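Here's the structure we're looking at; comments come further down.
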Amino acid sequence: MATAAQGPLSLLWGWLWSERFWLPENVSWADLEGPADGYGYPHGRHILSVFPLAAGIFFVRLLFERFIAKPCALHIGIEDSGPYQAQPNAILEKVFISITKYPEKKRLEGLSKQLDWNVRKIQCWFRHRRNQDKPPTLTKFCESMWRFTFYLCIFCYGIRFLWSSPWFWDIQQCWHNYPFQPLSSGLYYYYIMELAFYWSLMFSQFTDIKRKDFLIMFVHHLVTIGLISFSYINNMVRVGTLIMCLHDVSDFLLEAAKLANYAKYQRLCDTLFVIFSAVFMVTRLGIYPFWILNTTLFESWEIIGPYASWWLLNGLLLTLQVLHVIWSYLIARIALKALIRGKVTCPGRIRPCTLHSSLTSFLFSVPGGSWTVSSLACI
């Protein structure tokens, strides 16, 4: 039985690690086993080290939120209390759980007669009950502060590393002598740390604050992890470092705007959101397609030529660009609505309450997330 099962498993394993899929023509795995500077060449087995590291990152996050983020939140006046608790009522609770959280007029009138409550009191009960399920501001602040800290630290590390890397200044260096490009220790740590962080996000998404865009963020995390893993295994790590650094720069700005919003620093929140929007548009709609996609699609075609995993990697990169366009549209829409609803009192000024309320609705619907800003609720 064991021998019979070993045959199909061997075939599956051979198919998964086919040299014709992962590597250019006339290159084999044996060619990448030879000596090289630094950490040698990337190997698929290195990916296994991210799982204990991801668990460690998640544990560090728990400590960070408990002993650093929470005291900071309390210090700036964010209360350690949940929302107002709705008055216990078995009938309304049954309707809320089994039928609807937003009862229509006819149902409200029926409940009013049944309970001898006026309609306004029942509407207040349902509003309080809906708010009761929402996470407190303290929890959201701690979550955003953790993401902000990681994104900022990894971005600073990435810039420091790439500044001395030749492919940062000449992107065609990503393909010269490919795939025989040694893996330095700095590049290895940068890649594995990013991948472990996104695996920790994948796992923690099931325990973090639940948002309306859970599915789209789940797909986004899968695309991100797939991109990092594929680019590592077939040694496209040079262009991978550029992509990671390019995305981190707007991610920490978004989390900073959310922190300012939770702390009720209105002017700072508005300013950070404007900066974030500008950086997001420039990096995701400008630099990414015209610098990154140009080299992965066209320059790499001329230098190394296409092969199976080349097609897959570029397919993932193009999928990411589609998400960039969607999220850029959502960001532009929220900014446009804020401009339309606000009355300009003098050149360059918008009525503050209108802009801030729109940004609040946006920021409260946006998760911290890997390489992206999420979809927002319509306002």
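The values are calculated or read from the model by the stated rules, or taken from the named source; none is laboratory data. Bear in mind that the values here come from a model prediction, so they are computed numbers and not experimental data. Every residue, glycine among them, receives a Cβ derived from its backbone with ideal geometry; neighbour counts consider all protein chains shown. Quick note on the areas: whole protein, heavy atoms, side chains included, nothing else; ligands and nucleic acids left out. Shrake-Rupley method; radii C 1.70, N 1.55, O 1.52, S 1.80 Å.
In the list Leu138, Leu108, which residue meets the criterion of being in contact (Cβ under 8 Å) with a residue 40 or more places away in the chain and among the aliphatic types (A, V, I, L, M)?
Testing whether each residue is in contact (Cβ under 8 Å) with a residue 40 or more places away in the chain and among the aliphatic types (A, V, I, L, M) leaves just Leu138.
Residue check: is Phe280 in a helix (DSSP H, G or I), touching a residue at least 60 places away in the same chain (Cβ under 8 Å), open to solvent by less than 30 Å² (accessible area, probe 1.4 Å) and over 19 Å from Leu242 (Cα atoms)?
Against the criterion (in a helix (DSSP H, G or I), touching a residue at least 60 places away in the same chain (Cβ under 8 Å), open to solvent by less than 30 Å² (accessible area, probe 1.4 Å) and over 19 Å from Leu242 (Cα atoms)), Phe280 does not qualify.
Here is a list: Phe206, Phe197, Phe214, Phe252. Which entry is open to solvent by 10 Å² or more (accessible area, probe 1.4 Å), modelled with pLDDT of 90 or more and closer than 25 Å to Val60 by Cβ?
It is Phe252.
Rundown of residues vs (1) in a helix (DSSP H, G or I); (2) more than 29 Å from Leu32 (Cα to Cα), yes/no style:
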site	(1), (2)
Ile228	yes, no
Ser231	yes, no
Asn235	no, no
Gly240	yes, no
Met244	yes, no
Ser250	yes, yes
Ala260	yes, yes
Arg267	yes, yes
Asp270	yes, yes
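Which condition number in (1) modelled with pLDDT under 85; (2) open to solvent by 40 Å² or more (accessible area, probe 1.4 Å); (3) not basic (Lys, Arg) is the one that Val223 fails?
Only one criterion in (1) modelled with pLDDT under 85; (2) open to solvent by 40 Å² or more (accessible area, probe 1.4 Å); (3) not basic (Lys, Arg) is unmet by Val223, namely (2).
Only one residue in Leu323, Leu355 is more than 24 Å from Phe21 (Cα to Cα), modelled with pLDDT under 50, in a helix (DSSP H, G or I) and of a type in the set (A, V, I, L, M), so which one is that?
Leu355
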